[in-house]
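Shown next, in structure tokens, is the structure this report addresses.
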Amino acid sequence: NALVKGNAPPPKKKVGSESEVKCRNVEECQEQAARAEDLRMQQEAERAASGPKPQVVGKTKFVDVIEDTPAPSDDGLRTAKDGDTVEVYFKILKIGKRSFDGLSGEGTVVFSRGYGLEDDEKVPGDRSFKFKLGDGEVIRALNDSVPGMAVGGLRRVSVLPQNGWEKNTKACDGGPGGSGTGGALKTDYVVVPTATMVEQEACFDKAKLPFPATYAQERRMAQRFDQSLIMEVRLVSVA
């Protein structure tokens, strides 16, 4: 047989293969996109089902992304418990379209501490957030989810508005999971009328910690605090 130099021809496509299926109009394209999205969501759910199981403490749901084995220390295992002073790195994430359970998928960072992102430090050199577990000034989602973590562990926490930065009043308790009369506006927006922004910000509890360190971060949070968010928390130390 003669040896011919050159590139091999591409493999022949099978007649009727999925790669040849093209939508012929807008409706068909929308249906195909919807089917593809349903399949992707099903695959995400299957992957999540085979991974770590979410836990619930109080009204806060969280899942271990990295569960480190506690290292021995002078006072036992380095695991956080109520009353401890802990140091954490965190990212507050706007939930993306791929999150089917409030914990999965990727999302846009609203503000953070310790991840080397834009405006990440409260002051130069201050890269972490330190607080006492059980402190009423700290959002409930963080107080609920950190106990039991080992140093080096990483958790993803679902932050409902009531467990985050929304004021605990009936007029404000209208976000996801809420039972109040307020908060009808839940749209993901970039620009909003000034009147709407002022009315909504009346429910934004700026006394809750952690809180954005810059004006830009605060404006992003003002647009997101009444939506479900994801908080990614890494435990740095326990005192």
For this session: List every residue whose amide H lies under 5 Å from the amide H of Val110, counting only residues 5 or more places away in sequence or on a different chain, with H placed 1.01 Å from N in the peptide plane.
Result: Ile92, Leu93, Lys94
Seminar exercise, completed: Residues whose modelled amide H sits under 5 Å from the amide H of Val159, counting only those 5 or more places away in sequence or on another chain, are Leu229, Ile230, Met231
Problem set entry | ³J(HN,Hα) computed for each position of region 87-93 - Karplus, 6.51 cos²θ - 1.76 cosθ + 1.60, integer Hz, glycine/proline x | 10, 9, 9, 8, 10, 9, 10
Problem set entry | Residue pairs, from the table Lys61/Lys132; Lys53/Lys81; Lys22/Lys61; Lys22/Lys53; Lys22/Lys91; Lys53/Lys206, whose Cα atoms sit over 30 Å apart | Lys22/Lys61; Lys22/Lys53; Lys22/Lys91; Lys53/Lys206
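Laboratory data are not the source of any read-out in this text; all were calculated from the coordinates shown. What you see is a predicted model, and the numbers here were worked out from it, not measured in a lab.
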